[in-house]
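Participant: Pasting in a structure now, in structure tokens, and then I'll have a few things to ask.
The values are calculated or read from the model by the stated rules, or taken from the named source; none is laboratory data. Keep in mind that this is a model prediction, so the values were computed, not measured. Using ideal geometry, Cβ is built from the backbone for each residue, glycine included, and neighbour counts are taken over all protein chains shown.
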Amino acid sequence: MNKRDRADVVVVGSGMGGAAATKILAEAGLRVVCLEQGKWTRPEDHPHTSPDWEWQRMTNWSTAANVRQRPEDYPVDTQDENPLMWNGVGGSTVHYTATWPRFRPSDFRKGTEHGYAPDWPFTYEELAPYYVINDRDVGVSGWYGDPAMPPHEAFQTGPLPHGPLGRVAAKGFDKLGWHWWPMPCAILAEAYDGRPACNNCGNCQSGCNRGSLADMQVTHWPKAIKAGALLRTHARVEHIEVDRAGRARGVVYVDLNTGTRHIQEADVVILACNGIGTPRLLLNSTSGRFPRGLANGNDMVGRHLMHHGLAIVEMWVDEPLDSHKGIVSAAMMCAEFAETDIRRGFINGLTIHIARLNGAGYQAIGSHSVNTAPWGKSHHRWFRRHFAHGLCALIVGEDLPIPENRVTLSETMTDSSGIPAPKVRYRLHPNDRRIVEFGIQRALELAEAIGAFDVKVNRFEVLGKGYMPPAWHLLGTCRIGDDPETSVCNRWHQTWEVPNLYIMDGSNLPTSAAVNPTSTIGAMVVRAAMHLRDNFAELRRAQRTLRD
Amino acid sequence: MPGNKRSAKTESLNVRKASESLAALVDVLLPGDSLFPAASQTGAHQMLAERLRAHQGADAVERLIASLADERRAFADLAPDQRIKVVRRLERAEPNFFAFVRAATYFAYYQHPLVVRAVRRLGHDYNDAPQPDGYSMPAFDPQVNAPQHRRGFYKKTDEVAPVDTSSLDELLGELPRYPTSQQ
């Protein structure tokens with residue numbers, strides 16, 4: 001073991017959770033060190049100006065670490081999915097779509113509603129002020145007044161351009177008599193906070209080389225660093241050290257540039273490594289006192305993994321839609337089916353998101369629905385008919401927290417530092433399959449309503465494997481709760497077993513709702529980090545976890 | 001040495017034949033028409049070879065060439081109809097490998113300036129790359145783009161009440177149950 005260092009707080013991971021927590025605590029004058037196994041992504045590192053930008057999106061900019069295989073990536077041992085994650089400063093906000101809807105009030109009350117998922121330890125109303133704080137840091141575009149959501153503060157900018165694709169989809173929803181609304185996005189329609197407006201380039205999932213999309217590298221980190229936070233890159237955390245009293249002493253990390261191991265000591269340890277990375281780290285932190293891994297005495301760490309049930313229905317119409325222009329996802333959202341209605345044959349609900357199709361190469365290989373252009377003489381005829389004429393309806397269904405859907409440690413795979421890889425098992429529950437199928441049928445009705453001449457459904461079914469989703473959202477594996485027997489953290493994100501160990505990322509979510517989670521992850525972390533900040537003198541020495 | 005010379009010459013011929021076969025393959029996949037160039041005119045076969053080696057293994061090009069040979073005749077030497085039959089055979093026999101070949105070829109093709117120009121001639125505003133220019137789109141116009149309906153609802157926190165799930169008992173049977181909170 002080499003270098004020792006001591007901080008008030010050490011944060012592991014620099015994505016939405018780690019960035020927000022670091023910023024809040026550093027601005028309060030605390031000495032905060034954030035350890036990030038990856039590196040900064042410079043504007044010129046993105047593929048946006050290269051002719052082969054689409055190929056890069058499929059390879060070295062793939063959303064799946066197992067495809068990218070960059071030095072800073074770790075493998076994920078799974079046959080069930082292709083999880084999205086980015087191991088670098090900003091975490092997965094480097095290459096997400098920045099779709100920014102809030103959870104709805106009933107999402108926090110599933111225990112009350114049907115009892116097959118827990119109530120959250122707080123309500124929408126308790127979280128709402130923290131959505132506002134985080135939104136101001138991020139910069140959100142949207143249109144105020146959605147009847148399908150509680151009233152809240154206006155967005156930082158107006159909505160992004162809808163283009164012909166938005167008009168056609170809106171007409172379809174209107175014809176069907178369904179709700180639709182411009183989707184809130186953490187992508188700027190106007191300049192805000194020193195960042196420029198989006199110029200509609202259509203390549204959001206290779207990140208944003210302009211800074212218009214809310215990558216934590218451009219939203220939170222400059223402010224956190226200005227406040228005195230230390231962000232240490234190429235620092236891969238191996239395990240958490242505990243002292244004799246069972247409190248976290250700090251973390252041991254590998255300097256990926258030298259291969260040497262160091263300890264970062266701190267009064268408080270915060271994990272923010274996403275719904276796969278955080279349980280992996282806890283499970284790898286075994287000791288005589290914690291033989292099952294840290295904070296895992298109740299065997300809850302790694303369980304209840306959720307991603308959302310997903311299907312994609314694409315449709316092509318005669319009218320040009322400019323499907324290659326504008327943000328990829330999502331122009332608008334239909335929340336007509338978001339609340340539970342038992343008559344549909346399932347609990348929970350879904351939303352339908354209208355998204356775009358990327359460039360010519362991607363549209364030719366079938367865009368998101370694998371409607372691949374034929375090879376041979378008919379190729380160009382197909383291309384003339386389809387290119388820029390399609391739109392995508394994403395079915396985003398709430399998935400239940402299933403104990404068997406879980407992250408454990410791989411017995412066969414390690415990363416380049418010899419640390420066991422996470423092993424992921426995930427199956428969609430039959431209830432959630434019904435949600436997805438219901439959503440597909442509604443999207444097919446939309447296709448009919450807009451007069452589509454071609455429709456393709458992607459159920460993410462792989463021959464011999466079954467449902468194999470891209471797993472864009474990594475949720476639920478270290479959930480918060482009021483019951484120490486069924487959760488990993490209390491309502492302030494403090495782990496039940498280790499009073500100075502906190503978790504602040506997507507793994508905290510007790511339920512997944514039916515929308516993208518990053519705005520909610522940000523709001524939860526702001527809430528938890530502000531509580532930690534306001535009670536730091538007491539909590540840094542805590543011998544017991546707060547019970548309320 | 002005469003033997004080495006013969007071997008070098010044979011190797012050179014093989015390399016040339018392999019290149020011709022890859023060019024013929026990409027032209028079967030993406031032949032030209034009145035507007036679009038044939039794939040080999042864009043160098044898609046060279047990019048295909050690079051991408052095969054980078055992502056499918058060092059011997060992937062040789063594997064593809066071998067898969068395309070028909071009764072020991074190189075793909076480049078086959079008649080046009082026979083080439084199509086051979087490609088169909090490969091598509092059936094090795095669907096995953098073929099999908100890679102097709103995707104790599106399509107992406108290589110559509111990134112070429114000649115093809116980008118052809119896409120533009122179809123009437124589309126289409127850039128060589130997403131940046132630096134991006135695309136001009138009319139800003140969101142509330143008069144045109146804002147929803148005019150008042151559809152949509154949500155359950156308020158205090159409106160969330162237990163639903164009768166008895167009709168779904170079989171579906172949900174084995175799942176753990178959670179208590180309601182007291183708030």
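Participant: Kindly evaluate residue A:102 against the criterion of being under 17 Å from the mean Cα position of the chain (by Cα), over 23 Å from residue A:468 (Cα atoms) and within 14 Å of chain B (Cβ to nearest Cβ).
Facilitator: yes
Participant: Still on this structure, I have one more. Quick check on my filter: what residues within the range A:367-405 are part of a loop (DSSP other than H, G, I, E, B), touching a Gly at 6+ places or on another chain (Cβ under 7 Å) and in contact (Cβ under 8 Å) with a residue 12 or more places away in the chain?
Facilitator: The answer is A:398, A:399, A:401.
Participant: So in the range B:42-52, with the set limited to residues that are surrounded by fewer than 17 Cβ atoms within 10 Å (Cβ to Cβ) and away from every other protein chain (no Cβ under 11 Å), which one is nearest to residue A:51 (Cα to Cα)?
Facilitator: Residue satisfying both the conditions and the ranking: B:43.
Participant: Of (1) within 23 Å of residue B:179 (Cα to Cα); (2) within 14 Å of chain B (Cβ to nearest Cβ), residue A:507 satisfies all except one. Which?
Facilitator: (2)
Participant: Right, something else. Take the conditions in a strand (DSSP E or B), in contact with a Ser or Thr (Cβ under 8 Å, 6 or more places away or on another chain), within 14 Å of chain B (Cβ to nearest Cβ) and not aromatic (Phe, Trp, Tyr) and apply them to residue A:333. Does it pass?
Facilitator: yes
Participant: Moving on to the next point. Taking the range A:451-483 only, how many residues are acidic (Asp, Glu) and either within 24 Å of residue A:117 (Cβ to Cβ) or under 20 Å from the mean Cα position of the chain (by Cα) (or both)?
Facilitator: Summing the residues that are acidic (Asp, Glu) and either within 24 Å of residue A:117 (Cβ to Cβ) or under 20 Å from the mean Cα position of the chain (by Cα) (or both) in the range A:451-483 gives 2.
Participant: State yes or no: is residue B:53 modelled with pLDDT under 95 and basic (Lys, Arg)?
Facilitator: The answer is no for residue B:53.
Participant: Applying the selection to the range A:116-152, what residues are within 11 Å of another protein chain (Cβ to nearest Cβ), among the hydroxyl-bearing types (Ser, Thr, Tyr) and touching a helix residue (DSSP H, G or I) at 6+ places or on another chain (Cβ under 8 Å)?
Facilitator: Within the range A:116-152, A:116, A:123, A:124 meet the criteria.
Participant: May I pose another question? Looking at A:236, A:244, A:232, can you tell me which residue is farther than 16 Å from residue A:194 by Cα and modelled with pLDDT under 95?
Facilitator: A:244 is the lone residue from the list that is farther than 16 Å from residue A:194 by Cα and modelled with pLDDT under 95.
Participant: For the range A:346-385, give me the residue count where each residue is over 28 Å from the mean Cα position of the chain (by Cα) and either among the charged types (D, E, K, R) or over 17 Å from residue A:458 (Cα atoms) (or both).
Facilitator: Counting residues in the range A:346-385 that are over 28 Å from the mean Cα position of the chain (by Cα) and either among the charged types (D, E, K, R) or over 17 Å from residue A:458 (Cα atoms) (or both) gives 12.
Participant: So, one more: Do any helices (runs of 4 or more DSSP H) entirely within the range A:162-239 hold 2 or more residues that are within 13 Å of chain B (Cβ to nearest Cβ) and within 30 Å of residue A:514 (Cα to Cα), and if so, which?
Facilitator: A:163-176
Participant: Is it the case that residue A:278 is without any contact (Cβ under 8 Å) to a residue 60 or more places away in the chain and either assigned to a loop (DSSP other than H, G, I, E, B) or not acidic (Asp, Glu) (or both)?
Facilitator: no
Participant: One residue is enough: does the range B:96-115 have a residue meeting the conditions modelled with pLDDT under 95 and out of contact with any helix residue (DSSP H, G or I) (no Cβ under 7 Å at 6 or more places or on another chain)?
Facilitator: Among the residues of the range B:96-115, at least one is modelled with pLDDT under 95 and out of contact with any helix residue (DSSP H, G or I) (no Cβ under 7 Å at 6 or more places or on another chain), which makes the answer yes.
Participant: Report the residue count in the range A:136-167 for those that are surrounded by fewer than 24 Cβ atoms within 10 Å (Cβ to Cβ) and under 15 Å from residue A:352 (Cβ atoms).
Facilitator: Count: 2.
Participant: May I pose another question? How many of the residues making up the range A:179-191 are surrounded by fewer than 18 Cβ atoms within 10 Å (Cβ to Cβ) and either touching a Pro at 6+ places or on another chain (Cβ under 8 Å) or among the hydroxyl-bearing types (Ser, Thr, Tyr) (or both)?
Facilitator: Number satisfying all stated conditions: 0.
Participant: Does residue B:30 satisfy the criteria of being touching a residue at least 12 places away in the same chain (Cβ under 8 Å), within 11 Å of another protein chain (Cβ to nearest Cβ), on the phi < 0 side of the Ramachandran plot and under 20 Å from the mean Cα position of the chain (by Cα)?
Facilitator: Yes; evaluated as a whole, the condition is true for this residue.
Participant: Here's another thing I want to ask about it. Between a residue in the range B:55-68 that is closer than 18 Å to residue B:102 by Cβ and in contact (Cβ under 8 Å) with a residue 60 or more places away in the chain and any residue that is surrounded by fewer than 17 Cβ atoms within 10 Å (Cβ to Cβ) and among the aromatic types (Phe, Trp, Tyr), which pairs come within a Cβ distance under 9 Å, given they are 6 or more apart or on different chains?
Facilitator: Matching pairs, first to second residue: none at all.
Participant: From the residues in the range A:368-384 that are closer than 21 Å to residue A:63 by Cα and of a type in the set (S, T, N, Q), which one is surrounded by the most Cβ atoms within 10 Å (Cβ to Cβ)?
Facilitator: A:371
Participant: Now a separate question. Could you please give the count of residues in the range A:367-383 that are within 11 Å of another protein chain (Cβ to nearest Cβ) and either on the phi < 0 side of the Ramachandran plot or at pLDDT below 95 (or both)?
Facilitator: 11
To keep it simple, each residue is scored yes or no on (1) buried (at least 24 other Cβ atoms within 10 Å of the Cβ); (2) out of contact with any strand residue (DSSP E or B) (no Cβ under 6 Å at 6 or more places or on another chain); (3) away from every other protein chain (no Cβ under 13 Å); (4) in a helix (DSSP H, G or I).
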{"site": "A:296", "(1), (2), (3), (4)": "no, yes, yes, no"}
{"site": "A:320", "(1), (2), (3), (4)": "no, yes, no, no"}
{"site": "A:327", "(1), (2), (3), (4)": "yes, no, no, no"}
{"site": "A:340", "(1), (2), (3), (4)": "no, yes, no, no"}
{"site": "A:343", "(1), (2), (3), (4)": "no, yes, no, yes"}
{"site": "A:348", "(1), (2), (3), (4)": "yes, yes, no, no"}
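Participant: Does at least one position in the range A:17-24 carry a residue that is surrounded by 24 or more Cβ atoms within 10 Å (Cβ to Cβ), closer than 15 Å to residue A:264 by Cβ and not basic (Lys, Arg)?
Facilitator: So far as the range A:17-24 goes, yes, one or more of its residues are surrounded by 24 or more Cβ atoms within 10 Å (Cβ to Cβ), closer than 15 Å to residue A:264 by Cβ and not basic (Lys, Arg).
Participant: Restricting attention to the range A:14-30, does a residue exist that is touching a residue at least 24 places away in the same chain (Cβ under 8 Å) and within 30 Å of residue B:112 (Cβ to Cβ)?
Facilitator: Among the residues of the range A:14-30, not one is touching a residue at least 24 places away in the same chain (Cβ under 8 Å) and within 30 Å of residue B:112 (Cβ to Cβ), which makes the answer no.
Per-residue answers, yes or no, for (1) on the phi > 0 side of the Ramachandran plot; (2) crowded, with 24+ Cβ neighbours inside 10 Å:
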residue	(1), (2)
A:58	no, no
A:68	no, no
A:80	no, no
A:90	yes, yes
A:98	yes, yes
A:108	no, yes
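Participant: Just to be sure, is residue A:416 assigned to a loop (DSSP other than H, G, I, E, B), surrounded by fewer than 21 Cβ atoms within 10 Å (Cβ to Cβ), more than 14 Å from chain B (Cβ to nearest Cβ) and among the small types (Gly, Ala, Ser)?
Facilitator: Spelling it out, residue A:416 is indeed assigned to a loop (DSSP other than H, G, I, E, B), surrounded by fewer than 21 Cβ atoms within 10 Å (Cβ to Cβ), more than 14 Å from chain B (Cβ to nearest Cβ) and among the small types (Gly, Ala, Ser).
Participant: Moving on to the next point. Since residue A:441 meets every condition but one in (1) within 13 Å of another protein chain (Cβ to nearest Cβ); (2) part of a helix (DSSP H, G or I); (3) surrounded by fewer than 24 Cβ atoms within 10 Å (Cβ to Cβ), which condition does it not meet?
Facilitator: Against the list (1) within 13 Å of another protein chain (Cβ to nearest Cβ); (2) part of a helix (DSSP H, G or I); (3) surrounded by fewer than 24 Cβ atoms within 10 Å (Cβ to Cβ), residue A:441 comes up short only on (1).
Participant: Being farther than 30 Å from residue A:428 by Cβ, among the polar types (S, T, N, Q) and modelled with pLDDT of 95 or more is true for just one of A:49, A:97, A:123, A:93. Which residue is that?
Facilitator: A:49
Participant: Now, a different point. Taking the residues in the range A:303-318 that are in a loop (DSSP other than H, G, I, E, B) and not aliphatic (A, V, I, L, M) as candidates, determine which candidate is farthest from the chain's Cα centre (by Cα).
Facilitator: Ranking the candidates gives A:318 first.
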